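Report on the following structure.
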Amino acid sequence: MNFFPAGSESKVRVILTRVLALMVLVLFLISRNRIEGRIQMSLLDFAGLVCIIISAFGRVWSSVYIAGYKTSSLIESGPFSATRNPLYLFSLIGTVGIGLASGSILILLLLLLCFGIYYPLVIRREEKSLRELHGAKFELYAGRVPRFLPKLSLFSEPETYSVKPKMLRRALLDASYFVWVFGAVQLIANLREAGIFPALFRIP
């Protein structure tokens with residue numbers, strides 16, 4: 001049963017996601033995680049950095065295929081041959097990276113909650129548009145390729161591919177978002193360690 005009027009559910013989800021994201025930011029700014037060991041934090045930072053690198057590379061790689069063709073063509077090659085939503089898959093990996101870099105299990109879980117509230121709605125909306133645009137061709141694609149978790153045995157890529165430079169430039173800037181957030185998390189953590197940015201309480 002849908003308790004929201006038609007068209008309002010997406011607005012509610014967007015608002016809720018933004019409120020949760022703001023709460024996560026405030027929580028990180030005024031709190032300190034319980035992990036004390038430098039080795040443990042270094043391992044978390046390294047794991048977070050690996051996730052961020054994978055996320056940034058993956059989003060650029062995916063955007064090479066889709067930039068400028070998102071609505072005019074049904075992309076079925078490259079990362080889109082293994083999963084229907086590689087951009088969002090790599091965004092999830094980036095989200096995990098930021099959560100790990102924060103050093104807080106609570107913040108990681110809250111970030112995943114934000115992702116879980118917002119992105120499934122976006123995916124459903126985009127798939128509805130693709131069904132309307134491509135009809136049976138999209139149905140065959142959706143029946144063969146998983147929606148989110150990749151099936152690597154399906155992977156295929158062309159020898160050459162035409163890329164639109166303007167759209168690729170936008171994709172590069174978009175992919176850098178996770179890198180900037182990761183850097184900001186590290187900066188805040190270092191300022192806190194130096195006593196410049198005090199924490200009011202501890203969180204798990």
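The values are calculated or read from the model by the stated rules, or taken from the named source; none is laboratory data. All of these numbers come straight from a predicted model, not from anything done at the bench. Neighbour counts run over all protein chains shown; Cβ positions are idealised from the backbone, glycine included.
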Residue satisfying all of: in the range 7-47; basic (Lys, Arg) and either out of contact with any strand residue (DSSP E or B) (no Cβ under 9 Å at 6 or more places or on another chain) or at pLDDT below 70 (or both); surrounded by the fewest Cβ atoms within 10 Å (Cβ to Cβ) among these: ARG38
Quick one: count up the residues across the range 79-107 that are small (Gly, Ala, Ser) and surrounded by 24 or more Cβ atoms within 10 Å (Cβ to Cβ). 6
In the range 71-91, which residues are at pLDDT 95 or above and among the aliphatic types (A, V, I, L, M)? ALA82, LEU89
Residue tally, condition closer than 18 Å to VAL181 by Cα and either within 20 Å of the chain's Cα centre (by Cα) or of a type in the set (A, V, I, L, M) (or both), over the range 23-54: 20
Sort through ARG131, ARG144 and tell me the only one that's surrounded by 14 or more Cβ atoms within 10 Å (Cβ to Cβ) and either closer than 21 Å to VAL64 by Cα or out of contact with any His (no Cβ under 6 Å at 6 or more places or on another chain) (or both). ARG131
Mind listing just one residue for me: the one in the range 69-113 that is within 17 Å of LEU25 (Cβ to Cβ), in a helix (DSSP H, G or I) and of a type in the set (S, T, N, Q) and, of those, nearest to the chain's Cα centre (by Cα)? THR95
Pick out the one residue from VAL185, VAL181, VAL163 that is of a type in the set (Val, Ile, Thr), under 17 Å from PHE90 (Cα atoms) and surrounded by 11 or more Cβ atoms within 10 Å (Cβ to Cβ). VAL181
Among (1) modelled with pLDDT under 90; (2) at positive phi, the one test that TYR119 misses: (2)
Out of the range 127-155, which residues are free of Cβ contacts under 8 Å to residues at least 12 places away in the same chain and under 30 Å from MET23 (Cα atoms)? none
Restricted to the range 113-126 and to residues being touching a Leu at 6+ places or on another chain (Cβ under 8 Å) and free of Cβ contacts under 8 Å to residues at least 40 places away in the same chain, the residue farthest from ASN33 (Cα to Cα) is TYR119
Top-ranked residue in the range 156-204 [being among the small types (Gly, Ala, Ser), assigned to a helix (DSSP H, G or I) and in contact (Cβ under 8 Å) with a residue 40 or more places away in the chain; ranked as nearest to ASN33 (Cα to Cα)]: ALA189
